[in-house]
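Inspection log for the structure reproduced underneath, given as structure tokens.
Nothing in this text is a laboratory measurement; each read-out follows from the coordinates by a stated rule. Since this is a predicted model, take the numbers as computed values, not measurements.
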Amino acid sequence: MPRLSGFFKSIFILLLLAAAPAAAGQEHHSLQPFSVQPLKERGRAADFSLKDMEGRKRTLGEFRGKVLLVHFWASWCEPCKKEFPALSALASEFGPKGLVVLGVAEDSRERVEAFMKENRAGFPILFDQYGSVMRDYRVSLIPVSVIVGKDGFIEGTLLGPREYGSPEAHEYFEKILK
């Protein structure tokens, strides 16, 4: 159990650091450089079962052996909207190489469907309307992405809006997918 508490302590500290600009009254809508925050102690990613846009139940376990980018977002979140096209492009480019991007929406189905009429997702969108998966992953702010390795353990997090189309992002995913 000490490993688990260290893992959650690391996540909590990272989330506090991400919240600092907002707490200081500095709203941050620009995309930040791509930089994965590694964890001091890797923990197993919490399994989940959420419905996708077609109403099918999807679980973390069905993607075993793949690298996952679990992206927590909402249709009303301006920074989330800004990074959405680059996430779709990332999924298209690295999907054939073993990357699975999962968009976990903290939103109602109706709002997400309206958003999708104007924005194409190149990855599955899952609904977490009541925030249960967000709580399991200790996510209190969005956007946040969690990188899950092929072994099912969390590699690191990306807090806040990121430049997923940057050379740094491409280099990171080329390396982790080998």
To the nearest Å, what is the center-to-center distance of the stretch 102-136 and the stretch 71-98, using C-alpha atoms only? 11 Å
Under 19 Å from the Cα of LYS66, which lysines turn up, not counting those fewer than eight places away in the same chain? LYS57, LYS97, LYS150, LYS175, LYS178
